[in-house]
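Everything below concerns the one structure shown next.
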Amino acid sequence: KVHVHDDPVAQKLLRAHRRKRIQMFARSMTDIEELRKEQQEKLKQALNLDRLPEGISICDPSIQPLLSPKVRAVCSAFPLQAEEIIDKYGLNSEEFNSMLSESKNNPLFKFQVLRYVKRGRNGGEAVVPVGPQLQEDEPTKEVTTKKVTKSAKIQARSK
């Protein structure tokens, strides 16, 4: 019996698989960030605002009851839409959240992810274009699996 760490072919396959997973993570982060920005723009338009309040998480459950139904619908639909993006790239929310945590705590891993993000911006193979938040700031928040009613999902998409 040959152990994986003793088999160079197995090691090469594992590294290739790991690289592919990082690429898929970078792509999903990029798409989720794009979704977040699109939804913020739609909310600003729907609420006739130039900008959303800073320093306040509009999806914070403690302030949700005080907010407009439009804002609540978007906040309710976002986790489901993010989950769809994650699924599209062959990941699950547990794996995504684990990689997100690693990108926050492991500078080398964060560098690898950002390298794939930048390759995508420059016409490389890795990912689609991304907004500036992934460049300099921390990646998006963890995704939680949340069931959303079909009407809330439709409401959020129509906004």
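Only the coordinates and a few stated rules stand behind these numbers; no lab work does. All of these numbers come straight from a predicted model, not from anything done at the bench. Note that we place each Cβ from the backbone using ideal geometry, even for glycine, and neighbour counts take in every protein chain shown.
How high is the FRET efficiency from residue 102 to residue 37, r the C-beta distance, R0 22 Å, rounded to 0.05?
For residue 102 and residue 37, the calculated efficiency is 0.40.
Per-residue HN-Hα couplings for the stretch 17-24, Karplus 6.51 cos²θ - 1.76 cosθ + 1.60 at θ = phi - 60°, whole Hz, x for Gly and Pro?
Here the 3J(HN,Hα) series is 5, 4, 4, 4, 5, 5, 4, 5 Hz.
So what J values fall out for the stretch 80-91 if you push phi through Karplus, 6.51 cos²θ - 1.76 cosθ + 1.60 with θ = phi - 60°, rounded to Hz, Gly and Pro as x?
5, 5, 5, 4, 4, 5, 4, 4, 4, 9, x, 10
Cα-Cα over 22 Å: which of 20/42; 37/70; 70/118; 44/110; 20/88; 20/104?
20/42; 70/118; 44/110, as the Cα separations exceed 22 Å there.
What's the Kirkwood radius of the stretch 1-99 in Å, using all Cα pairs? The partial results should precede the final answer.
Values: mean 1/r = 0.0618 Å⁻¹.
Value: 16.2 Å, from the Cα pair sum.
Could you work out the Kirkwood radius for the stretch 8-51, taking every pair of different alpha carbons, averaging 1/r and inverting it, reported in Å?
12.9
Any chance you could run the full-extension gain for residue 13 through residue 68? It's 0.36 nm times the residue separation minus the Cα-Cα distance, nm to one decimal.
Going from the current span to full extension adds 14.8 nm.
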